[in-house]
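> I'd like to ask some things about the structure below.
The values are calculated or read from the model by the stated rules, or taken from the named source; none is laboratory data. All values derive from a computational prediction rather than experimental measurement. Ideal geometry is used to build each Cβ from the backbone, glycine not excepted, and the neighbour counts take in all protein chains shown. In case anyone asks, the SASA skips ligands and DNA or RNA and just uses the protein heavy atoms, side chains included. Shrake-Rupley method; radii C 1.70, N 1.55, O 1.52, S 1.80 Å.
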Amino acid sequence: MKITIIGSGYVGLTTGACFAEVGHHVLCVDNNEAKVQSLLDGQIPIYEPGLEALVRKNVSAKRLMFTSSTEEGVEHGEVLFIAVPTPPQPDGSVDLSFMEKVAREIAQFLDSYRVVVDKSTVPVKTGERVANTIRRYAKPGVEFDVVSNPEFLREGCAVADLMKPDRIVIGGNSDRALALMQKVYEPFVAPVLVTDINSAELIKHAANSFLALKISYANALSEICEAAGADVLKVVEGIGMDKRIGAHFLNAGLGYGGSCFPKDIAAFIAISEQLGVPFHLLKEVETINHRQLTRFVDLIREALWVLQEKKIAVWGLAFKPHTDDVRSSVAIGLVEKLVEEGADVTAFDPKAMEKTRQLPIGSKITLAESALEAARDAEALIIATEWPEFASIDLQQLREVMRTPLIFDGRNLIDPAAAAAYGFQYRGIGRGTSAMLEPMNSP
Ligand code: UDX
């Protein structure tokens with residue numbers, strides 16, 4: 001099938017590459033000519049495991065092409081996916097100006113029937129607006145349908161999520177459009193849920209909000225565990241064994257970050273208010289999320305007394321492991337708070353060093369070559385992102401390089417008993433029982 005993707009960012013590029021991989025002929029459009037040129041030269045602007053190989057393979061097989069011309073895009077694809085950014089506005093609602101602009105551009109070049117698909121995460125009723133806009137600007141009588149097909153990609157495993165999705169949601173009101181969408185997804189083995197457009201749009205926001213709610217639930221429990229002298233890891237293990245609850249997304253820590261959750265939860269709150277049915281529960285989810293970081297900084301300040309001039313090592317800068325993405329990263333927020341209070345921060349992240357260097361905070365901290373180098377002479381170590389390599393660190397070596405043996409584990413990666421055995425004072429999240437572990441002498 002001939003498919004066009006408008007917007008070759010994270011979602012658009014990954015989706016385009018995976019569609020090409022299953023045999024479709026995909027044209028990716030982006031209005032940034034330099035980006036199109038670098039994609040044509042085989043350079044991938046983001047770090048996503050497996051993506052570069054997939055793009056190269058399908059470009060050389062001539063199933064994946066790039067252009068900066070929307071006109072060519074509308075001409076090429078039977079189905080036109082819109083995957084442009086939908087950034088947040090200061091009040092939490094979504095800026096839909098890129099969507100609106102693309103809808104007008106599509107309308108301008110539309111000559112025969114096309115299915116226009118909202119792939120970007122958008123508030124409910126955006127599909128209706130896209131359809132109205134295209135109708136207003138298109139030549140009279142030209143046929144098209146609008147469909148919602150939300151993405152559920154996790155950064156770091158987006159290719160796998162696309163090739164083997166849990167489900168494919170298609171929201172549309174026309175049989176002609178739905179038949180074409182079924183054809184797009186025929187090569188993928190996954191259950192397909194067909195709904196109306198509004199329901200499909202809501203599914204995306206509702207799914208992400210529910211996951212954020214699970215995380216905030218675990219985080220709220222962590223505070224109770226600290227007060228009660230219980231271990232949140234055991235508590236969530238116990239509740240997660242109930243199949244109705246499930247064990248995923250119940251890790252207590254510094255809270256969720258990234259380019260999706262904070263933005264999507266704020267957007268869902270904003271749209272619920274616009275609809276006249278404010279989703280108060282989600283406001284609490286946000287409050288708990290912010291509180292986790294504040295509580296953690298309080299804990300560090302309490303232990304170190306003053307942060308001014310303290311040499312603090314931070315492990316992890318990306319918003320989660322296996323990505324270089326630092327957008328809305330809680331780890332970055334934490335580093336900013338420490339620097340504000342005058343701490344001397346040395347940080348390390350396996351993938352996110354370059355992206356951090358480009359941020360304003362990048363020039364205010366030292367970026368180390370390795371986890372152990374970051375910890376050298378440090379008066380405290382903070383673990384801010386759950387990279388597996390931090391969990392398997394040699395505690396003996398860590399003890400030897402640090403000046404004072406203090407670990408603040410914001411992701412509960414290190415075993416408190418092992419840390420105590422190597423002479424560390426250890427503080428995790430929600431590990432009320434570990435507070436009772438006295439550090440022993442270094443072995
Ligand atoms: C998310 C959704 O999972 C995906 O379906 C959607 O389409 C886009 O948003 P992503 O932003 O890649 O994907 O991140 P995800 O893996 O979901 O993690 C989000 C954040 O939650 C991270 O900061 C992570 O550290 C945090 N998290 C996750 C927890 O704090 N505890 C958990 O148990 C799980």
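> When only DSSP loop residues count, what GluC sites (Glu not before Pro) in the stretch 298-385 have their Cβ near at most 11 other Cβ atoms within 10 Å?
When the GluC sites (Glu not before Pro) of the stretch 298-385 are filtered for loop state and at most 11 Cβ neighbours within 10 Å, GLU309, GLU369 remain.
> Give me Rg over Rh for the chain, both radii from the alpha carbons and Rh done the Kirkwood way, two decimal places.
Using only Cα positions, Rg/Rh for the chain is 1.02.
> While we're on this one: Between ILE382 and residues 5 or more places away or on another chain, which pairs have amide H atoms under 5 Å apart, with H built 1.01 Å from N, and which residues are they?
For ILE382, the qualifying residues are ALA313, VAL314, TRP315, PHE408.
> Residues of the stretch 183-217 with amide nitrogen under 15 Å from the 7 Å Cα-to-Cβ point of LYS164?
Only 188-191 fall inside the zone, counting backbone N under 15 Å.
> For THR294 and TYR137, what does the FRET efficiency come to when R0 = 56 Å and r is the distance between their Cβ atoms, rounded to the nearest 0.05?
0.75
> Another question, if that's okay. Please state the shape class of the stretch 308-443: rounded when a/c is under 1.5, otherwise prolate if a/b exceeds b/c and oblate if not, all from the C-alpha gyration tensor.
Note, shape of the stretch 308-443 comes out prolate.
> Follow-up. Given R₀ = 30 Å, what would the calculated FRET efficiency be for ASN32 paired with SER60, taking r from the Cβ atoms and rounding to 0.05?
0.85
> Also, I was wondering about something else. What does the accessible area per residue of the chain come to in Å², with a 1.4 Å probe and no ligands, DNA or RNA counted?
Heavy-atom SASA per residue in the chain reads 45 Å².
> Full extension from PHE249 to ASP111: what is 0.36 nm times the residue separation minus their Cα-Cα distance, to one decimal in nm?
Separation in residues times 0.36 nm, less the Cα-Cα distance, equals 45.1 nm.
> Hey, any idea what % of the stretch 198-443's accessible area is carbon plus sulfur with a 1.4 Å probe?
56
> In addition: Where in the stretch 1-97 are there trypsin sites (Lys or Arg not before Pro) that are in a DSSP coil and have at most 16 other Cβ atoms within 10 angstrom of their Cβ?
Here the trypsin sites (Lys or Arg not before Pro) that fit, given the DSSP loop and packing criteria, are LYS62.
> Computing the accessible area with a 1.4 Å probe over protein heavy atoms, can you report the carbon and sulfur percentage for the stretch 19-139?
The C+S portion of the solvent-accessible surface of the stretch 19-139 is 49 percent.
> OK, next. Pop a pseudo-label 7 angstrom from the Cα along the beta-carbon direction at both LYS283 and MET1 and give the gap in nm to one decimal.
Reported label-point gap for LYS283 and MET1 is 4.2 nm.
> With the Cα gyration tensor of the stretch 2-195 in hand, give its eigenvalues times 5 under a square root as the equivalent ellipsoid semi-axes, listed largest first in whole angstrom.
They are 24, 19, 18 Å, listed from largest to smallest.
> Something else about it: Using all C-alpha to C-alpha distances in the stretch 198-443, build P(r) with 5 Å bins and read off the rounded percent in each one.
In order of increasing distance, the bins hold 1, 6, 13, 17, 18, 17, 12, 8, 4, 2, 1, 0, 0 percent.
> Let me ask something else. Given a Förster distance of 41 angstrom, what is the FRET efficiency for ASP175 paired with ASP41, based on the Cβ-Cβ distance and rounded to 0.05?
Taking R0 as 41 Å, the efficiency between ASP175 and ASP41 is 0.45.
> Take the cross-link list LYS62/LYS139; LYS310/LYS337; LYS2/LYS62; LYS234/LYS320; LYS62/LYS183; LYS57/LYS263 and give me the ones stretching past 24 Å between alpha-carbons.
Pairs exceeding 24 Å: LYS62/LYS139; LYS57/LYS263.
> If you keep only loop residues by DSSP, which chymotrypsin sites (Phe, Trp or Tyr not before Pro) in the stretch 268-322 have at most 10 other Cβ atoms within 10 Å of their Cβ?
Loop-located and lightly packed - TRP305.
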